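Step one of this worksheet: look at the structure below.
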Amino acid sequence: MIQVPGPVFAQNTGGIFGPVVDEGHRSIEYRYAYDIENNLFAHRVHYQQSINDNLRWRVVAQRRDTFFGSEQHDFVQGELLWQMRDMKPGWQHAVRFDYRHSDSGRPDLFGLHWTHRVLLSSRWSTMFNVLTQTQVGGGREPGVLLQTRGDINYHHRDNVTLSLSQFNLYGFVDDIPGFSDQLHQLGPTLNLTFGDGWRVRAGYLAGLTSITPDSTFRFWLTKSL
């Protein structure tokens, strides 16, 4: 059996990304994640900019703590998001293409992902991601790695959103292990927006299986340019 690659969820800085592209958008973001159980952290920065009203590119660089007590470069990733025609009123979707260059001799990753955003009411919405990745280069494992992510969001006020988010890593689709050997996280997030394009997001993720980190705290700071 091919094991689920645990480092994908260690110090999880990933997000549940939406499909909407706003023409003229530019922003920079900092993310920090802390795995309490293992006393490890990771942080990353990324810059994104729209090309037009349905294409947006982003570049990401991440560093992480290691079990050997040192901080090291983790990866650099390039992304292209393509928003497609709405499936129906209030239901938006997009595909995203990624290429990740990994450090420390690990294989690179090519990703093809699908994201949805559905407006449930004036205050409620949900997003859902399906992520597929293949490893590239030396030391790669064959097959397609499958993840899903999703959240449900309550828009309390124009500048306050509360979310319940879940991250699921199943493994390689041709040899998916049992639930106890998969990685699953669930937890709340608070999102606040301020004037001049500032946004703060803070959240907590609890591990739902024994091989998932028990507790992860996350913090994001975003500035629209």
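The values are calculated or read from the model by the stated rules, or taken from the named source; none is laboratory data. Keep in mind that what you see is a predicted model, and the values were worked out from it rather than measured. All Cβ positions, even for glycine, are placed from backbone atoms using ideal geometry, and neighbour counts span all protein chains on display. Surface accessibility is based on the protein's heavy atoms, side chains included, excluding ligands, DNA and RNA. Shrake-Rupley method; radii C 1.70, N 1.55, O 1.52, S 1.80 Å.
Need the failing condition index for R106 against (1) surrounded by 17 or more Cβ atoms within 10 Å (Cβ to Cβ); (2) within 14 Å of the chain's Cα centre (by Cα), just the number.
Unmet for R106, out of (1) surrounded by 17 or more Cβ atoms within 10 Å (Cβ to Cβ); (2) within 14 Å of the chain's Cα centre (by Cα): (2).
I28 is checked against (1) under 23 Å from Q133 (Cβ atoms); (2) at pLDDT 95 or above; (3) not polar (S, T, N, Q) and fails just one. What number does that condition carry?
Every condition holds for I28 apart from (1).
Kindly indicate which of A94, A61 is closer than 22 Å to Q135 by Cα and in a strand (DSSP E or B). Working first, answer last.
Numbers: A94 fails: closer than 22 Å to Q135 by Cα.
So the residue among A94, A61 that is closer than 22 Å to Q135 by Cα and in a strand (DSSP E or B) is A61.
How many residues does region 212-223 hold that are more than 14 Å from N12 (Cα to Cα) and either open to solvent by 50 Å² or more (accessible area, probe 1.4 Å) or of a type in the set (D, E, K, R) (or both)? Quick ask: steps written out before the conclusion?
Step one: of region 212-223, the residues more than 14 Å from N12 (Cα to Cα) are 221-223.
From the residues that got through so far, the ones that are either open to solvent by 50 Å² or more (accessible area, probe 1.4 Å) or of a type in the set (D, E, K, R) (or both) too are 221, 223.
Number satisfying all stated conditions: 2.
If you go through region 191-201 one residue at a time, do you hit one that is within 21 Å of R44 (Cα to Cα), of a type in the set (A, V, I, L, M, F, W, C), surrounded by fewer than 16 Cβ atoms within 10 Å (Cβ to Cβ) and more than 18 Å from the chain's Cα centre (by Cα)? Before the answer, list the steps.
The initial filter retains those residues of region 191-201 that are within 21 Å of R44 (Cα to Cα), namely 191-193, 197-201.
Retained after the next criterion (residues that are of a type in the set (A, V, I, L, M, F, W, C)): 192, 198, 200.
Remaining after also requiring surrounded by fewer than 16 Cβ atoms within 10 Å (Cβ to Cβ): 192, 198, 200.
Add one more test, that the residue is more than 18 Å from the chain's Cα centre (by Cα), and what stays is 192, 198.
Yes.
Residue by residue, here is whether (1) without any contact (Cβ under 8 Å) to a residue 60 or more places away in the chain; (2) of a type outside the set (A, V, I, L, M); (3) in contact with a Leu (Cβ under 7 Å, 6 or more places away or on another chain); (4) surrounded by fewer than 19 Cβ atoms within 10 Å (Cβ to Cβ) holds:
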{"site": "W114", "(1), (2), (3), (4)": "yes, yes, no, yes"}
{"site": "R117", "(1), (2), (3), (4)": "no, yes, no, no"}
{"site": "L120", "(1), (2), (3), (4)": "yes, no, no, yes"}
{"site": "L146", "(1), (2), (3), (4)": "yes, no, no, yes"}
{"site": "I152", "(1), (2), (3), (4)": "yes, no, yes, yes"}
{"site": "N159", "(1), (2), (3), (4)": "yes, yes, yes, yes"}
{"site": "Q166", "(1), (2), (3), (4)": "yes, yes, yes, yes"}
